[in-house]
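The values are calculated or read from the model by the stated rules, or taken from the named source; none is laboratory data. Bear in mind the structure is a predicted one, so any value in this text is a computation, not a measurement. Note that we place each Cβ from the backbone using ideal geometry, even for glycine, and neighbour counts take in every protein chain shown. For the accessible areas, the whole protein counts, side chains as well, though only heavy atoms, and no ligand, DNA or RNA atoms are used. Shrake-Rupley method; radii C 1.70, N 1.55, O 1.52, S 1.80 Å.
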Amino acid sequence: FKVMELSRAGLLQKGRNGRQYDRFRERITFPIRDARGRAVGFGARAMRDEQGAKYINTAENELFHKSEILYGIDRARRAMAKADRAILVEGYTDVIALHQAGMTEAVGVMGTSLTEQQVAQLSGVVNTVVLALDADAAGQKAMLRAQSVAAGRRLDIRVAAMPEGVDP
C-alpha cells in the first residue's frame, strides 16, 4: 500500500519529526468489524505502562466511526438475539474474555461512552442490555449516561455490579 492510503486508513501517524510511523507499533492489535463482519479499523492495547494510552483505535476516517461501532457485534448478534440480551463492556479484551467464558452475547463500546447509534443497534436486536462496565469513576459515569441515552427506547437497562478494581 502507498503511504497516503495507509494514512487515510488511519494506520499511520505523523511523529514530532514529521515522519510517518505505524500507529499500532509494539501493541496487541485487534481488527474491528462492522455488524456485517467487514473490517473497518483496528484497535490496539499497550503492552507496557510507559506506552501512553492503554487502548488506541484507528483514527476516525470515512470507514471508521468509533461512536457507531460495537466491538464484536458481528460475532455476538446471533447469541444476543437468542438470549434477548446484550452484555455491554468497555473494550476488546473484555469482549474476548466473555466470549471465551461462553457469554457470546457480549459486545464492547471501545471506551466508556454508549452512543445513540450504538443504542439503536442494540435495540434492533435485544430488549435487555446488561452494563458490565469497569467499577471505576468513568465506568459509573458511563452507566448513568447510558440510561439517559437509552431513554425513550424500549430497552431494559440493567447493571452488573463489579467489585472495585475488577474488569468483566
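Observations
- Taking residues in region 145-168 that are modelled with pLDDT under 80, and partners anywhere that are in a loop (DSSP other than H, G, I, E, B), the pairs with Cβ atoms closer than 6 Å and at least 6 places apart or on different chains are 162/135; 164/135; 167/134; 168/132.
- Tallying residues that are touching a Gly at 6+ places or on another chain (Cβ under 8 Å) and open to solvent by less than 20 Å² (accessible area, probe 1.4 Å) within region 110-142 yields 3.
- Residue 102 modelled with pLDDT of 90 or more and assigned to a loop (DSSP other than H, G, I, E, B): yes
- Residue within region 127-142 that is modelled with pLDDT of 80 or more, among the hydrophobic types (A, V, I, L, M, F, W, C), closer than 25 Å to residue 78 by Cα and assigned to a helix (DSSP H, G or I) present: no
- Whichever residue in region 1-35 is in contact with a Lys or Arg (Cβ under 9 Å, 6 or more places away or on another chain) and in a loop (DSSP other than H, G, I, E, B) and, among such residues, is least open to solvent (accessible area, probe 1.4 Å): 10
- Of the residues making up region 71-84, those that are over 17 Å from residue 117 (Cβ atoms), charged (D, E, K, R) and either modelled with pLDDT under 90 or open to solvent by less than 70 Å² (accessible area, probe 1.4 Å) (or both) number 1.
- When 68, 60, 105 are screened for being under 27 Å from residue 31 (Cβ atoms), touching a strand residue (DSSP E or B) at 6+ places or on another chain (Cβ under 6 Å) and either open to solvent by 50 Å² or more (accessible area, probe 1.4 Å) or charged (D, E, K, R) (or both), only 105 passes.
- Looking only at region 143-164, and only at residues there that are open to solvent by 50 Å² or more (accessible area, probe 1.4 Å) and in contact with a Ser or Thr (Cβ under 8 Å, 6 or more places away or on another chain), the one that is farthest from residue 84 (Cα to Cα): 145
- Test result for residue 91, surrounded by fewer than 21 Cβ atoms within 10 Å (Cβ to Cβ), closer than 28 Å to residue 7 by Cβ and small (Gly, Ala, Ser): no
- Check on residue 38, open to solvent by 90 Å² or more (accessible area, probe 1.4 Å), at pLDDT 90 or above and either under 21 Å from residue 118 (Cβ atoms) or aromatic (Phe, Trp, Tyr) (or both): yes
- Residue pairs meeting the criteria (Cβ under 9 Å; at least 6 apart or on separate chains; first without any contact (Cβ under 8 Å) to a residue 24 or more places away in the chain, in region 45-67; second exposed (fewer than 14 other Cβ atoms within 10 Å of the Cβ) and among the small types (Gly, Ala, Ser)): 46/52; 46/53
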